[in-house]
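Visitor: Before anything else, here's the structure in question.
The values are calculated or read from the model by the stated rules, or taken from the named source; none is laboratory data. Values in this document were obtained by computation on a predicted structure and should not be read as measured data. Quick reminder, even Gly has a Cβ in these numbers, built from the backbone with ideal geometry, and neighbours come from all protein chains shown. The protein model used for the area step is the full one, side chains on, heavy atoms only, and it has no ligands, DNA or RNA in it. Shrake-Rupley method; radii C 1.70, N 1.55, O 1.52, S 1.80 Å.
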Amino acid sequence: MKTRIVIIDDHQLFREGVKRILDFEEDFEVVAEGADGSEALNIVEQYKPDVVIMDINMPNINGIEATRQLVKTYPNTKVLILSIHDDENYVTHALQTGAMGYLLKEMDADALIEAVKVVAEGGSYLHPKVTHNLVKEYRRLATEDQNGAAKGQQKQEVRLPLHLLTRRECEVLQLLADGKSNRSIGEALFISEKTVKNHVSNILQKMNVNDRTQAVVMAIKNGWVEVR
């Protein structure tokens, strides 16, 4: 069964570019496109897609409101936000409305394909840069809650979770917290992208979490990585 995809974005050239990327995947099928959030409900009702790729800034009904309506009316359809905004307020708002993923338009083709696959399978996917911004904000708030704003600048001692992960997996976990993509992690550690994916998969399994974002948040809570 192919993953059925709808693209909602008011820039035709961008839609065409995304469609070309997705059409190269044998397991994907772009069944429809729309230029406005107001079209999204009608398109989803007609085509019953598995994933809707949604822009935020659109005329009439924006992507956030369209996502809210879609998730409420068609809970089995997953929404992946594709935006130029990396501010945590946009990301938080999008996730609160029910979006399962948030990508920046600066992403490469591999990230887009991976995000669609993860979201279609019921997981969540955040652009590495977005993950890093959210983690920094989470850490700042958590530190202020525990120690007061004046102590929030103190550097937390990192305790590597060697009872759970190998040293290499700890290195990969730190780079995930830094907001690095699989390709960037591979370049930093001089290993292949395939090896990075294997490490990430092992980390998720050992930490008993569903995705990279949950792994990083858990690592922050336990002081296993440095937020820098």
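Visitor: At 7 Å along Cα-to-Cβ for each site, give me the label-to-label distance between residue 164 and residue 11 in nm.
Guide: If labels sit at residue 164 and residue 11, their model points lie 3.9 nm apart.
Visitor: Pairs to check: 78/129; 117/194; 19/129; 129/197. Give those whose C-alpha atoms are more than 20 Å from each other in this structure.
Guide: In this structure, 78/129; 19/129 lie more than 20 Å apart at Cα.
Visitor: Residues of region 3-135: accessible area per residue at 1.4 Å, in Å²?
Guide: On the way: 6020 Å² over 133 residues.
Accessible surface, normalised per residue, equals 45 Å².
Visitor: Starting from the Kirkwood radius over alpha-carbon pairs of region 167-222, derive D by Stokes-Einstein at 20 °C in a medium of 1.002 mPa s and give it in µm² s⁻¹. If you can, show how the numbers build up before the last one.
Guide: Values: Rh = 11.0 Å.
This corresponds to a translational diffusion coefficient of 195 µm²/s.
Visitor: On to the next question. When the dipole is taken about the Cα centre of region 3-135, and only Lys, Arg (+1) and Asp, Glu (-1) are charged at their Cβ, what size is it in debye, to the nearest 20? Please list the in-between numbers first.
Guide: Working: 11 positive and 23 negative charges, 78 e Å.
Computed charge dipole of region 3-135: roughly 380 debye.
Visitor: If you roll a 1.4 Å probe over the heavy atoms of the protein chains, what accessible area per residue do you get for region 167-222, in Å²? Write out the running numbers ahead of the final one.
Guide: Working: 2870 Å² over 56 residues.
About 51 Å² of surface per residue is accessible.
Visitor: Report in % the part of the accessible area of the chain that belongs to carbon and sulfur, leaving out ligands and nucleic acids; probe 1.4 Å.
Guide: Working: 5600 of 12000 Å².
It is 47 percent, rounded to a whole number.
Visitor: Run through region 1-105 and list the GluC sites (Glu not before Pro) located in a DSSP loop whose Cβ has at most 14 other Cβ atoms within 10 Å.
Guide: On the way: sites: 16, 25, 26, 29, 33, 39, 45, 65, 88; in loops: 25, 26.
Answer in residue order: 26.
Visitor: Can you tell me the FRET efficiency between residue 108 and residue 29 if r is taken as the Cβ-Cβ distance and R0 is 25 Å, rounded to the nearest 0.05? Spell out each step's value before the answer.
Guide: Values: r = 22 Å, r/R0 = 0.86.
For R0 = 25 Å, the calculated efficiency reads 0.70.
Visitor: Where q = 0.12 Å⁻¹, what log10 of I(q)/I(0) comes from the Debye formula for region 3-135, counting one point per Cα?
Guide: Results for region 3-135 at q = 0.12 Å⁻¹ read -0.37.
Visitor: Over the chain, what number does the Rg to Rh ratio reach, with both radii from the alpha-carbon atoms and Rh per Kirkwood?
Guide: Values: Rg = 18.5 Å, Rh = 18.5 Å.
With Rg and the Kirkwood Rh in hand, the quotient comes to 1.00.
Visitor: To continue, here is another question. Which of 42, 219, 195 sits closest to the plus end of the dipole of the chain, meaning its Cα is farthest towards the positive end, when Lys and Arg get +1 and Asp and Glu get -1 on the C-beta?
Guide: Farthest along the dipole direction, towards plus: 219.
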